[in-house]
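The values are calculated or read from the model by the stated rules, or taken from the named source; none is laboratory data. Quantities reported herein were computed from a predicted structural model and do not represent experimental measurements. All Cβ positions, glycine included, derive from the backbone under ideal geometry; neighbour counts span all protein chains shown. Heads up: the accessible areas ignore ligands, DNA and RNA and are worked out on the full protein's heavy atoms, side chains in. Shrake-Rupley method; radii C 1.70, N 1.55, O 1.52, S 1.80 Å.
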Amino acid sequence: MASDAELAEWLSSMLKAVGTTQAHTMVQHYILRDIVTQLAGREERPDAFIAAMFERVSGLVDQCELAGKPDIEAEMRWYSETFFTSIGKTLDPG
């Protein structure tokens, strides 16, 4: 059986790994959001561009639902709705 010190060291390393993964994910999120926002800004109708992207991503999310993965589908649906809503709010309305 592992000692308390060994368990504490293992837990600390796991927390660091999770924190590092979350940091990478957040950075990727903001980079991707910036790229999509810039692409939308180049379009004649940025809102239509974002709506079309959202529809394509929603189709992929629907495939997860059809594959019998409701937990993954729910998380992806929430994330995609949040992601595209945040981009829509950053677009210049006119």
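Glu43: part of a helix (DSSP H, G or I), surrounded by 10 or more Cβ atoms within 10 Å (Cβ to Cβ) and at negative phi, yes or no? No: the conditions fail for Glu43. Residue under question is Ile35, and the condition is that it be among the β-branched types (Val, Ile, Thr), assigned to a helix (DSSP H, G or I), modelled with pLDDT of 90 or more and open to solvent by less than 50 Å² (accessible area, probe 1.4 Å); does it hold? For Ile35, the condition - among the β-branched types (Val, Ile, Thr), assigned to a helix (DSSP H, G or I), modelled with pLDDT of 90 or more and open to solvent by less than 50 Å² (accessible area, probe 1.4 Å) - is not met. Return the residue satisfying two criteria in turn: it lies in the stretch 46-94 and is open to solvent by 60 Å² or more (accessible area, probe 1.4 Å) and among the polar types (S, T, N, Q), and of such residues it is nearest to Val27 (Cα to Cα). Only one residue fits best here, namely Thr82.
Listed by first and then second residue, the pairs linking a residue in the stretch 34-49 that is under 14 Å from Lys89 (Cβ atoms) to a residue that is exposed (fewer than 10 other Cβ atoms within 10 Å of the Cβ), with Cβ atoms under 8 Å apart and 6 or more places separating them unless they lie on different chains, are Gly41/Asp92; Pro46/Asp92.
Might you check whether a residue that is part of a helix (DSSP H, G or I) and closer than 14 Å to Leu32 by Cβ occurs anywhere in the stretch 60-74? Looking for residues that are part of a helix (DSSP H, G or I) and closer than 14 Å to Leu32 by Cβ, one finds none in the stretch 60-74, hence no.
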